[in-house]
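Below is one structure, written out as structure tokens; comments come after it.
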Amino acid sequence: MNDPSSQAYKKARRQYLKTTRNRDPNIDKAWTPFRAAEKHFKARFPPPDFAKVLDLATLDASRAPEVAAGIWAGKSDAVETRAFVTKSGIKGYAFPSMPGLILLPGLLSPEKQRELIRWSLVEHSRQPNETNLDIHYRLPSEGIWNAYVRDGSAIVHPRPIEADTEYIKQNPGPRKLIDNIPADTTNFECLSNVSKPLAPPSSTIQPATCSDLLPRLRWANIGWFYHWGTKQYDFSKGKIPVHDTIRKICKDAVQSVDWKEIFSSTNFDWGPNGPDWMDWQENYEPDAGIVNFYQTNDTLMAHVDRSEICATSPLVSISLGHAAVFLIGGLTRETEPIPILLRSGDVVIMSGPACRRAYHGVPRILENTLPPHMADVVDDPEWSTYKNYMDSTRININVRQVFPKDFDPVF
Ligand SMILES: O=C(O)CCC(=O)C(=O)O
Ligand SMILES: [Fe+2]
């Protein structure tokens, strides 16, 4: 694709010339720096410039087969980073331009990555956890993955339309990103009392087979219920505990960072209660989140995760399967974002006032970047079903803390 003499390049160029023939030549002048970066990395033509993308896997000899497997590779010095060694002895990277952003490249072993993929599909994408498919379909209680493995041709029926339900418009498929009020401890009660109407089943939805629906799985909720229409947690539905494996990965990652080194020389406004980083070692406790499933053409537009009462405590994000370009900017879309190539097994932490509520997004899943350790595993014949799904998929497990540990929610 990056080779101008290749068929793929010529095809993308023809397509580009066709679609841009009547475009206003000043269109890009109105874009914010974040939007311009999204457009740049989404574009099939001209191919994005990966020399500007931070790719720390290129420094790790043990990941050379993974880097070589895809045609996409960035540069280890594309963005200024500060390397450090975590308390558990692995390499981490901080970003002087954005204190609170931490990258732990290849933190998870290939075995752990495969375990988390199985967990996401087999154990997690099923009741009582909500998925995007539940909005329109009456899914089997074993979940879409288990139903698919048993019989891909099994039919799943749409939910019946209940005439007296107050609906808001919401479509299945990609997450809809609407502006919402940033949550904090003062508006929390008012936010949690806003009525949360059910999403509307659509009258146009047809029955579908499990094989048709599986690639349309986009997200599965973790912990506190989240309502995508209103972008608020629905605390009345209670909380499902965060699975121990996930909780441990997140806590270990957060506790392995020397936060004093990250924050002690900064002077950010941490809000009315002041800085809380000195408590994370003891008080960080994930209680919500989402598993995102991306097919290679999917994107996640610029957004801020601000529904959590905790506005600064760490958000931990685990990447699995195909690599992606992750953009993270500032508190508005006017800040030019940093592009980071996230590969399978990488863990990102977003924390503190400069980063936890910064705009971020995923404009591109990089095709053909499934690492070799996701290919058929000789001593695990069952893996091939997962491999077939992962051939077009990236999974992101995105874990947050909604409540400060000493905040007692009253419902
Ligand atoms: O997929 C990712 O890396 C980021 C996902 C994300 O930002 C979110 O779930 O809010
Ligand atoms: Fe996010």
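The values are calculated or read from the model by the stated rules, or taken from the named source; none is laboratory data. From a predicted model like this one, the values you see are computed outputs, not experimental measurements. Using ideal geometry, Cβ is built from the backbone for each residue, glycine included, and neighbour counts are taken over all protein chains shown.
For the stretch 274-298, the tally of residues that are farther than 23 Å from His243 by Cα and either basic (Lys, Arg) or near ligand 1 (Cβ under 10 Å from one of its atoms) (or both) stands at 1.
Listed here are the strands (runs of 3 or more DSSP E) enclosed by the stretch 337-387 that have at least 2 residues being within 13 Å of ligand 2 (Cβ to nearest atom): 347-350, 360-365. In this structure, does Pro160 turn out to be more than 28 Å from Met301 (Cβ to Cβ) and either under 20 Å from the mean Cα position of the chain (by Cα) or modelled with pLDDT under 95 (or both)? Answer is yes for this residue. Among the conditions (1) within 19 Å of the chain's Cα centre (by Cα); (2) surrounded by fewer than 22 Cβ atoms within 10 Å (Cβ to Cβ), Leu366 misses just one, which is (2). In the stretch 301-320 there is at least one residue that is more than 24 Å from Ser392 (Cα to Cα), modelled with pLDDT under 95, within 13 Å of ligand 1 (Cβ to nearest atom) and buried (at least 20 other Cβ atoms within 10 Å of the Cβ).
Inside the stretch 318-349, can you point out the residues that are within 23 Å of Thr32 (Cβ to Cβ) and among the polar types (S, T, N, Q)?
Hits for the stretch 318-349 are Thr332, Thr335.
When the stretch 363-381 is filtered for residues that are in contact with a helix residue (DSSP H, G or I) (Cβ under 9 Å, 6 or more places away or on another chain) and either of a type outside the set (Lys, Arg) or at positive phi (or both), the ones remaining, listed by number, are Pro363, Asn368, Thr369, Leu370, Pro371, Pro372, His373, Met374, Ala375, Asp376, Val377, Asp380. Of the residues making up the stretch 294-328, those that are part of a strand (DSSP E or B) and either more than 15 Å from ligand 2 (Cβ to nearest atom) or more than 23 Å from Ile338 (Cα to Cα) (or both) are Gln295, Leu320, Gly321.
Could we say that Glu382 is in contact with a Gly (Cβ under 7 Å, 6 or more places away or on another chain) and of a type outside the set (S, T, N, Q) here? In short, no. Considering Thr245, Thr230, the condition of being more than 17 Å from Val316 (Cβ to Cβ) and surrounded by fewer than 21 Cβ atoms within 10 Å (Cβ to Cβ) is satisfied by Thr230 alone. Condition check: touching an Asp or Glu at 6+ places or on another chain (Cβ under 6 Å) and within 24 Å of Glu261 (Cα to Cα). Does Pro105 satisfy that? Yes: the conditions hold for Pro105.
Counting only residues that are under 22 Å from Val257 (Cα atoms) and small (Gly, Ala, Ser), which one in the stretch 55-85 is surrounded by the most Cβ atoms within 10 Å (Cβ to Cβ)?
Only one residue fits best here, namely Ala57.
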